[in-house]
């Protein structure tokens, strides 16, 4: 197997989807057996270290937003503009 960027991204996405699957399987098992669910673990963490949980939530939100919405491309994307054009428009307003 040749290790390049495309293969690495594919492996990371596969690992991420696998981890999500395992978390969902654990949550399902916990709900059916009456065990402690993932939500209960998060509640404990929020009460112990609320600042760290806030930082993690912000970072996860930024990363998900970056990868889900990404740069605007395609037919409906705005045309690229030069910095001078943007600055002159700003000065005129």
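Here, each number is a calculation from the coordinates, and none is a lab measurement. Please read all numbers here as calculations on a predicted model, not as lab measurements. We place every Cβ from the backbone using ideal geometry, glycine too, and count neighbours over all the protein chains shown.
Overview of results
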quantity	calculated
For segment 34-74, alpha-carbon Rg over 2.2 N^0.38 Å	1.66
Footprinting exposure proxy for 56, 2 (fewest neighbouring C-beta atoms within 10 Å first)	2, 56
Estimated FRET transfer efficiency (residue 84, residue 62; beta-carbon r; R0 30 Å; 0.05)	0.50
